[in-house]
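Reviewing the structure listed below.
The values are calculated or read from the model by the stated rules, or taken from the named source; none is laboratory data. For clarity, every value in this text was computed on a predicted model and none was experimentally measured. Heads up, the Cβs are rebuilt from the backbone with ideal geometry, glycines too, and the neighbour counts pull from every protein chain shown. With ligands, DNA and RNA removed, areas are computed over all heavy atoms of the protein, side chains included. Shrake-Rupley method; radii C 1.70, N 1.55, O 1.52, S 1.80 Å.
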There are 2 protein chains.
Amino acid sequence: MSKSTRSPATYKDIQRLTGLSLATISKYYNGRNVLASNREAIEAAAAELNYRPNAFASSLRRGVTRTVGVLLPSFQNPFHLEIVVGIEKYLRTHGIGVLVTSNEQDGTPSSVNAVELLLSRRVDGIIGVPALSDSSALATAVSIGIPVVTVDWLPSGLDADSVSLDNVQAGKVATQHLIDHGHRTLGALVGEEGMWSLQGRLDGFLAAARAAGVTIADDHIQRAPINVDYGYAAMMRLLAAETRPTAVFAGNYDLTVGAVAAVNDSGLRLGHDISLVGFDSVELAKVTSPKLTVYVQPVEQIATEAARIMNARLDDPDSTTSHVMLELPGHLQIGASVRRLTD
Amino acid sequence: MSKSTRSPATYKDIQRLTGLSLATISKYYNGRNVLASNREAIEAAAAELNYRPNAFASSLRRGVTRTVGVLLPSFQNPFHLEIVVGIEKYLRTHGIGVLVTSNEQDGTPSSVNAVELLLSRRVDGIIGVPALSDSSALATAVSIGIPVVTVDWLPSGLDADSVSLDNVQAGKVATQHLIDHGHRTLGALVGEEGMWSLQGRLDGFLAAARAAGVTIADDHIQRAPINVDYGYAAMMRLLAAETRPTAVFAGNYDLTVGAVAAVNDSGLRLGHDISLVGFDSVELAKVTSPKLTVYVQPVEQIATEAARIMNARLDDPDSTTSHVMLELPGHLQIGASVRRLTD
DNA sequence: CTGTTAGCGCCTTCAT
DNA sequence: ATGAAGGCGCTAACAG
C-alpha cells in the first residue's frame, strides 16, 4: 500500500465510481436495505478508494458522537490503567471511542480544563474516577445533561451512576481475617475524609472490630492523603505507637506500598513482628517476602460495569431510570503477611 | 446551575442575542480582531447561553480534528498509564484531545479494530506503544499519511518517529553495576526476539560483559514472552542452571516481578544468595526486602517528548524533516539487591 | 472590522 | 429501493 497524503475518500468519490446517489450509499453504511448489485458496487468502490466513514461528519448530523470521556484523577495508581483499558475494550465493541483526560492541576492555568475539553468535543457521556478535588468538574458535566458514571466512589451531591467496590464489606473481610488469626490490637491506614471509598473501608474495619469486641485506640487509626510517602509516615507512626498494633489494615494501594516500606525499614519482619493486610496490590503482593495478603478489587469487572451502564444510558437517553449505585464484591488474596497469634 | 437537557447553544443563538453575524462570532473565537463592544456582547451572550464551541463542527470544516490517538499494546504494565497521562497532559495544553485504544485481541472479532476506530474518527496522528503483534496496525496509519510516533521501540520497517529509552546504554549500566560488584557469572532475562527495546538491553548487557572479559553461558540468557509468569519460569530456569549465575539482569517490568517472586519462592535471599537488577519497577523496588536495585526509564520525559514531536508534526504537516529517533537516558536506582562479591 | 455566501461529509425527510 | 434537497455548526473566501 503506497503512502498517500491525499485527503480521505468521501461518499462523493464512491458516487463517482458507482453512479449511485449519496442517499443510497448512506443507507448501505447504515445497514438499511440496498440491492445486492449496488451493495457489491459500493463495496468494490470503497475498497478501491480505501474509504472509511468520517465519524464526526456523521456526528454533526446526528447530534451524537459515540465518544465518551474518561476523566482520571489528579493522582494515579495502576488501578486506573486497568479501568481505562477495561472501559475502552467494552465500549469499542459498541463502536464507541474513549477520550481520556486527567485532571492534573498542573501549574499552567492556561491549559484547558479537562472537562471543558471533553464537553467541547461533545462527548456523549463521562466516566470519571474522581479525586477529592475533581467533583465540581463532574458536576458541570451533569449540569449540561449528559450521563455521568463515577468509578470508585460518588462525590456527595453528584447526580450520577456509580460503580465501586463494596467497600464496607472489603474492610470487614480484611479485618475479620486479622481477627480470625487472633489479633486484637489492630491499626488502620485510611485516606482523608470525604472520599467515600476509603471511609467505607474504615467503617467496615470498625464494624468488624466492634462485632468481635475489639476496641481500637484512637492513635491506631491513621489518616493520610493518598500517596506512598504519607502512607509510609503513617505506618511509622503506627509502629511507634505507645502500644503497637499487632496487625494493620492498609486501605489503598499507595498506602500499602508505604506501609510495607515502613515495615522493612523498621527492621521488622512482615508476617512475624507485624501483620499486614494490604489493598489492591496484586503485583506487589508477589514480590514482598513473605507474600502479602491483600484485598483485591474486581477491577476489570468494575470497568466493564461502568462501561455497560454508560452504554445503556446512551442507548436510551430518555430513560428516567433512577441512578444506579453498584457495589461489587472483591476478594481476599491470601499471602503470608498475617501471622497466626496464639494466646 | 440548573440541569438542562436542551441541545447546546450555537453561533446562531449568540447571533440572536447580539445581532452580530456568524462570521464575526467565528472571528472572535479564533482570536481575530473584533471591536471591544462586540467582544463584550459575545462574551455576555456566551456566558448566558453557557456556550461551548463545537469542536467537531469546526473539524469538519477545517479538515483537522486536533485529536490524536494513543494505541496501547495488548499487554499492559504501569509504565503505560504514565505514558498516556503524560501525553495527555502535554497535548491538552495545546488544545489537543487524546483518544485511547488498546490493541487487545479479544475473542470478539466483531469488535472494531483499534486503529480503524481511530482512523474513522480522523485523528490527526497516532502515538503507539507497539506490542510485537501491533505493528501492522500502525503501518496502515502510516500508509494513509498521518504522522505516527512510537514509544518504547520502533517496529522494523515502520516509517515513523520514535521515542525510547537508550536501551543499549541501560543494559550496559545495569550490567556494569553487577560487574563492579565483583560478579562474573551473569544471567539475563529478556523478551522474545523482534522487540527492539529488549534486544537493545540485551545488547548492552552483552557489550558490558564482553568489555569486562566476562563470558556468558548460553543457558544464562533466558528469553521469555513479556509477562510475569514467563519471567518467573525463566528465572527458575536460571536458578536451576548447572552453574547458577551470581547476579541477574531482568530486562523489563514484568520479568522483574516474576524474577523476584522466583527468588523468594526458591528460599534464596535477594542480595545475598543471588543478586538482581530489575527494570522499571520503582514501586516494587520499595517493597522488596531488601530494596531492589532497578534501572528506571524516564517515563514522564518519554511521554512528553513523544507528545512534543507529535505536536510539532501537526503544526507543520508539510515538513519533510526526516524521522526522529530519540533515545533518552534513564538511571540506575540503587537498592540493596546487589551483593558485593569479594574474591 | 463586519457581513454574505458557500460548503466541509453525512444523514434524513420526502418524493418517486 | 432509490434519488433530490436541505441542513447539522462552523469557517474561509470575498465583498463592503
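Structure data summary
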item: Members of the range A:39-57 found to be facing chain B (nearest Cβ under 9 Å) and in a helix (DSSP H, G or I), listed by number; result: A:Ala55, A:Phe56, A:Ala57
item: Some residue of the range A:288-296 being buried (at least 21 other Cβ atoms within 10 Å of the Cβ) and without any contact (Cβ under 8 Å) to a residue 40 or more places away in the chain; result: yes
item: Set A:Ser135, A:Ser162: member being among the polar types (S, T, N, Q) and within 16 Å of A:Gln297 (Cβ to Cβ); result: A:Ser162
item: A:Lys12 under 22 Å from B:Ser58 (Cβ atoms) and within 13 Å of DNA strand D (Cβ to nearest atom); result: yes
item: Filtered residue count, the range B:262-284, keeping only those that are open to solvent by less than 10 Å² (accessible area, probe 1.4 Å), in a helix (DSSP H, G or I) and facing chain A (nearest Cβ under 9 Å); result: 2
item: Any hit, the range A:256-275, residues being closer than 30 Å to A:Gly128 by Cα and hydroxyl-bearing (Ser, Thr, Tyr); result: yes
item: Test: residue in the range B:310-320 that is assigned to a helix (DSSP H, G or I), outside the structural domain of B:Gly231 (by TED's automatic domain parsing) and without any contact (Cβ under 8 Å) to a residue 24 or more places away in the chain; result: yes
item: Number of the condition not met by A:Leu60 [criteria: (1) part of a helix (DSSP H, G or I); (2) aliphatic (A, V, I, L, M); (3) modelled with pLDDT under 95; (4) away from DNA strand D (no atom under 12 Å from the Cβ)]; result: (4)
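Conditions tested, residue by residue: (1) open to solvent by 30 Å² or more (accessible area, probe 1.4 Å); (2) at the interface with chain B (Cβ under 7 Å from one of its Cβ atoms).
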| site | (1), (2) |
| --- | --- |
| A:Thr67 | no, no |
| A:Leu71 | no, no |
| A:Gln76 | yes, yes |
| A:Leu81 | no, yes |
| A:Gly86 | no, no |
| A:Leu119 | no, yes |
| A:Val123 | no, no |
| A:Gly145 | no, yes |
